[in-house]
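The values are calculated or read from the model by the stated rules, or taken from the named source; none is laboratory data. The structure displayed is predicted, hence computed values, not measured ones. Here the Cβ positions follow ideal geometry from the backbone for every residue, glycine too, while neighbour counts run over all protein chains shown. Just the protein is used for accessible areas: all its heavy atoms, side chains included, with ligands, DNA and RNA removed. Shrake-Rupley method; radii C 1.70, N 1.55, O 1.52, S 1.80 Å.
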Amino acid sequence: MRLHKTCQGFALFIAWFNGICATVCGLLMALSAVAELPLSWNVLMPVSILNPLPIPTFMKEGFLWAGVALVIVNRVPNICAVVERLRKKEKSFCFWGLVAGCALVLWTTFELAFIPNVISVAYLVLGIAQLYSNLLLRRDAASVVD
């Protein structure tokens, strides 16, 4: 029971954390590509960091597509997980947590293959932890009916 509560708390924290970070960073990235902002993503890192990625050239011209992808791939499943947790739908919460964890692991693995960096390693570890905690919760929730 204690492990279940710990996993539940951790999974909820990670869903909130990743959902908020993906929203803020993704929108800042996308907006920095189309408007002058007081704190622009372009100041934090050069757009040339995207050059090694095997994606179409137009997606490397600014952070617009990277920001949109971050919001869709990381924010959406995490926010869905949070909403399902608030609705007390344990199986749906676990499902969306697993989707979010898988997306984060795939995203960071892809990124690390072409752009090795410490932040992606940290998010890879968070993605693995999110997957593991939701797998444990899913096992415990197998007998719960949503």
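Leaving out ligands, DNA and RNA, what percent of the accessible area of the chain is carbon and sulfur, probe 1.4 Å? Of the solvent-accessible surface of the chain, carbon and sulfur hold 74 percent. Each Cα pair under 8 Å and six or more residues apart adds its sequence gap; the mean of these over the residue count of the chain is a relative contact order of 30 percent. Evaluating 6.51 cos²θ - 1.76 cosθ + 1.60 at θ = phi - 60° for every residue in region 104-109, the Karplus couplings come out as 5, 5, 5, 4, 6, 5 Hz, glycine and proline recorded as x.
Averaged over its residues, the chain has an accessible area of 58 Å² per residue, based on protein heavy atoms and a 1.4 Å probe.
Dipole check for the chain: with +1 at the C-beta of Lys and Arg, -1 at the C-beta of Asp and Glu, and the Cα centre as origin, the magnitude is about 620 Debye.
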